[in-house]
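For reference, the structure discussed in these notes is given below.
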Amino acid sequence: MPLLQTCKLTAFYGDFQALYGIDTSLDAGETIAIIGANGAGKSTFLKAIAGLIQRPADSVLFDGRPIGSRAAADIVRLGVALVPEGRRLFASLTVEENLLIGGYGRKTPGPWSLDRVYSLFPILKERRSSATPTLSGGQQQMAALGRALMSNPRVLLCDEISLGLAPIVISDIYAVLPQIKAEGTSVVLVEQDIVQAMKVADRVYCFQEGRLSLAGSPRELTRKQIHRAYFGS
Amino acid sequence: MIGWLDALIQGVLLGGLYALFAAGLSLIFGVMRLVNLAHGDLIVLAAFAILLTARKLGLDPFVAVLVALPVMFVIGWALQHVLLNRTLGRDLLPPLLVTFGLSIIIQNGLLQIFSADSQRLRSGAIETASIALGGGIAVGVVPLLTLLSAITVILFLNLLFYRTPLGRAFRATSDDLEVAQLMGIDVSRIFAVAMGLAFIVITIAALYLGLRANFDPTIGPGRLLYAFEAVIIGGLGSFWGTLAGGIVLGLAQTIGARIDPEWQILSGHLAFLLVLVLRPRGLFPRALD
């Protein structure tokens, strides 16, 4: 049984339909990547799983149970954490407070603690008392990632964690992924950077205008297939 | 000279009362960006609650307030949970309309029950007790207690906001409602707790309102105005700023009254306008908005 599954997932912004029946699955310990052009519905897909937008009650299954009617605050308690697009750290909280608030809803002990996050990203320990707007983009992304980890998620949803960062910073951030996965966390990456996504994902889903246009393992997919799935033909 | 010094001291003490009026408003606005137009009427409501408790149970107001505090916390919590949470969203208008309606309901409800008679909280000798500071200046015990309570409330709110997990959740929710939910924060409960706390502050303010002067069901909107002015003078988002704002307002009023008794209220409003012109974001705005 997959850990996380979406069945005919639909989502709307008012009258505008953003997702048209998306079927995906994520096994325990697996990393999947969602790729696609701007406006393909990638972020909406993550928001729908995380409970930030309305979705059919039985369209999202976690551990085999439908969680589509749960509120966002419940979803993270169940063990699905979202690193939102654009980091969105709490500006009036220090770095350390941002990390601590990540563990707010946590009921059970798990692998991640303040010390563990600091050993993952030592720079955050140095800057623990800083206001988050003074951090560099890469440091902010580390803090956002650390904040999500503090809830000890079984599934980590990452929305464009490489957005707006220098290539060297991106590889710094992706370098910690194996350590996160080593704790048994499954990962869903939404990524613009296809090369990066193909490198780390076990399987790739490509979205196009709210529909699934391609799915498969990075080794099996050809450049041509991806190009067509990405841009349409 | 003594007269002016006296005006300054009395102004600071009066500022304590305004800071108490404003602290609850500041707390609510700070956490949920809700402008509570019924704030003044809620202070009057709380004053009547203390009055009723004191009369029915034969208690001193200082004891009656201890009975009223938990009750008011629950009322505030329930008000937010049942009513006000439904009004919060992208649109600023619904909470304004609903709290405006609430203001009218409270005023008329109190009129119906308690009539338009002026009331006062009676606490015996302490009401008129004063401490002589020498040189012909004396400070009333009740005004002094008012200021000390205001400082204590502000101190407590600051500790709560900046030193506890609940305070962290308050600030996070205020920063970004959506992401706060991603942290597992049940924002509707956080809002209800914030309103409950605001009702505690409101009830403390009501005690001193009732001890200091007469009150009747119609004076709420006036208290709301002072509370607003204190919050804006101090700068949004800062509790110490709110205390400073209350004191600026109190000082302006007593100094105005010293020049001409007719100028008391007017000079408070003028000071407010002056601050708006010179420092539109208030005296101590939070660094980040």
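Throughout, read-outs are computed from the coordinates displayed, never taken from laboratory work. Only a predicted model underlies this, so the values are computations on that prediction, with no experimental measurement involved. Virtual Cβ from ideal backbone geometry, glycine too; neighbours counted across all protein chains shown.
Every residue in segment B:110-120 that is of a type outside the set (Phe, Trp, Tyr) and surrounded by 15 or more Cβ atoms within 10 Å (Cβ to Cβ), please. Even if it seems obvious, please write down each step before you answer.
We begin by selecting, within segment B:110-120, every residue of a type outside the set (Phe, Trp, Tyr); these are B:110-113, B:115-120.
Correct list: B:LEU110, B:GLN119, B:ARG120.
Take segment A:99-116 and flag every residue that is more than 8 Å from chain B (Cβ to nearest Cβ) and not aliphatic (A, V, I, L, M). Before the answer, list the steps.
Step one: filter segment A:99-116 for residues more than 8 Å from chain B (Cβ to nearest Cβ), giving A:99, A:103, A:107-116.
Listed by number, the residues that qualify are A:GLY103, A:LYS107, A:THR108, A:PRO109, A:GLY110, A:PRO111, A:TRP112, A:SER113, A:ASP115, A:ARG116.
When you scan segment B:1-86 for helices (runs of 4 or more DSSP H) that lie fully inside it, which ones turn up with 3 or more residues that are under 16 Å from B:ALA230 (Cβ atoms)? Spell out the reasoning first.
Numbers: elements: B:2-32, B:39-57, B:61-78.
By residue number, B:2-32, B:39-57.
Quick one: in segment A:200-227, of everything that is of a type in the set (Lys, Arg) and touching a residue at least 12 places away in the same chain (Cβ under 8 Å), which residue is farthest from A:GLN5 (Cα to Cα)? Can you show your working first?
Looking only at segment A:200-227, we keep the residues that are of a type in the set (Lys, Arg), and these are A:203, A:211, A:219, A:223-224.
So of that shortlist, the ones also touching a residue at least 12 places away in the same chain (Cβ under 8 Å) come out as A:203, A:211.
Numbers: A:ARG203: 14, A:ARG211: 16 Å.
Among residues in segment A:200-227 that are of a type in the set (Lys, Arg) and touching a residue at least 12 places away in the same chain (Cβ under 8 Å), the one farthest from A:GLN5 (Cα to Cα) is A:ARG211.
For segment A:180-216, give me each residue that is of a type in the set (Lys, Arg) and under 15 Å from the mean Cα position of the chain (by Cα).
Let us first name the residues in segment A:180-216 that are of a type in the set (Lys, Arg), namely A:181, A:199, A:203, A:211.
Within segment A:180-216, A:LYS181, A:ARG203 qualify.
Among the residues that make up segment B:260-280, is at least one of them aromatic (Phe, Trp, Tyr), away from chain A (no Cβ under 14 Å), surrounded by fewer than 24 Cβ atoms within 10 Å (Cβ to Cβ) and not in a loop (DSSP other than H, G, I, E, B)? Steps first, please.
In the first step, residues of segment B:260-280 are kept if they are aromatic (Phe, Trp, Tyr); the result is B:263, B:272.
Right, trim to away from chain A (no Cβ under 14 Å) and you get B:263, B:272.
Restricting the remaining residues to those that are surrounded by fewer than 24 Cβ atoms within 10 Å (Cβ to Cβ) gives B:263, B:272.
Of the ones still in play, those that are also not in a loop (DSSP other than H, G, I, E, B) are B:263, B:272.
Looking for residues that are aromatic (Phe, Trp, Tyr), away from chain A (no Cβ under 14 Å), surrounded by fewer than 24 Cβ atoms within 10 Å (Cβ to Cβ) and not in a loop (DSSP other than H, G, I, E, B), one finds at least one in segment B:260-280, hence yes.
Would you please list the contacts, defined by Cβ atoms under 9 Å and residues six or more apart or on different chains, that run from a residue in segment B:178-207 that is away from every other protein chain (no Cβ under 13 Å) to a residue that is in a helix (DSSP H, G or I) and among the charged types (D, E, K, R)?
Taking only residues 6 or more apart or on different chains, the pairs are B:ALA205/B:ARG223.
Looking at segment B:216-227, which of its residues are over 17 Å from B:ILE265 (Cα atoms) and of a type in the set (Phe, Trp, Tyr)?
Matches in segment B:216-227: none.
So is A:ALA33 within 25 Å of A:LYS181 (Cα to Cα), surrounded by 15 or more Cβ atoms within 10 Å (Cβ to Cβ) and away from chain B (no Cβ under 14 Å) or not? Before the answer, list the steps.
Values: within 25 Å of A:LYS181 (Cα to Cα): yes; surrounded by 15 or more Cβ atoms within 10 Å (Cβ to Cβ): yes; away from chain B (no Cβ under 14 Å): yes.
Yes: the conditions hold for A:ALA33.
If you go through segment A:56-73 one residue at a time, do you hit one that is touching a residue at least 60 places away in the same chain (Cβ under 8 Å), aliphatic (A, V, I, L, M) and not in a loop (DSSP other than H, G, I, E, B)? Before the answer, list the steps.
The first filter runs over segment A:56-73 and keeps only residues touching a residue at least 60 places away in the same chain (Cβ under 8 Å), leaving A:62-64.
Those left that are additionally aliphatic (A, V, I, L, M): none.
No: segment A:56-73 contains no residue that is touching a residue at least 60 places away in the same chain (Cβ under 8 Å), aliphatic (A, V, I, L, M) and not in a loop (DSSP other than H, G, I, E, B).
Any idea which of (1) away from every other protein chain (no Cβ under 12 Å); (2) surrounded by fewer than 21 Cβ atoms within 10 Å (Cβ to Cβ); (3) in contact (Cβ under 8 Å) with a residue 24 or more places away in the chain; (4) under 16 Å from A:ILE173 (Cβ atoms) is the one A:SER119 doesn't satisfy?
Failed condition: (3).
For B:ALA213, which of the numbered conditions (1) in contact (Cβ under 8 Å) with a residue 12 or more places away in the chain; (2) touching a helix residue (DSSP H, G or I) at 6+ places or on another chain (Cβ under 7 Å); (3) more than 30 Å from B:LEU159 (Cβ to Cβ); (4) of a type in the set (A, V, I, L, M, F, W, C) fails to hold?
Unmet condition: (2).
I need a count of the residues in segment B:206-255 that are outside any helix (DSSP H, G or I), buried (at least 21 other Cβ atoms within 10 Å of the Cβ) and touching a Lys or Arg at 6+ places or on another chain (Cβ under 8 Å). Let's see the steps before the verdict.
Here is the first cut: in segment B:206-255, the ones outside any helix (DSSP H, G or I) are B:213-219, B:235-238.
Restricting the remaining residues to those that are buried (at least 21 other Cβ atoms within 10 Å of the Cβ) gives B:215, B:217, B:235, B:237-238.
Cutting the leftovers down to touching a Lys or Arg at 6+ places or on another chain (Cβ under 8 Å) gives us B:215, B:235, B:237-238.
Final tally of qualifying residues: 4.
From the list A:PRO167, A:PRO153, exactly one residue is of a type outside the set (Phe, Trp, Tyr) and surrounded by fewer than 16 Cβ atoms within 10 Å (Cβ to Cβ). Which is it? Working first, answer last.
Numbers: A:PRO153 fails: surrounded by fewer than 16 Cβ atoms within 10 Å (Cβ to Cβ).
None of the other options fit; the residue is A:PRO167.
Here is a check on your reading of the model: is A:SER92 in contact with an Asp or Glu (Cβ under 8 Å, 6 or more places away or on another chain) and polar (S, T, N, Q)?
On the way: in contact with an Asp or Glu (Cβ under 8 Å, 6 or more places away or on another chain): yes; polar (S, T, N, Q): yes.
Spelling it out, A:SER92 is indeed in contact with an Asp or Glu (Cβ under 8 Å, 6 or more places away or on another chain) and polar (S, T, N, Q).
Can you tell me which residue within segment A:78-97, out of those that are without any contact (Cβ under 8 Å) to a residue 60 or more places away in the chain and within 9 Å of chain B (Cβ to nearest Cβ), is surrounded by the fewest Cβ atoms within 10 Å (Cβ to Cβ)?
A:ALA91
Where the second residue is part of a helix (DSSP H, G or I) and not hydrophobic (A, V, I, L, M, F, W, C) and the first is in contact (Cβ under 8 Å) with a residue 40 or more places away in the chain and lies in segment A:165-178, which pairs have Cβ atoms under 9 Å and are six or more apart or on separate chains?
none
How many of the residues in segment B:102-151 are closer than 24 Å to B:ILE2 by Cα and assigned to a loop (DSSP other than H, G, I, E, B)?
Residues meeting the conditions: 4.
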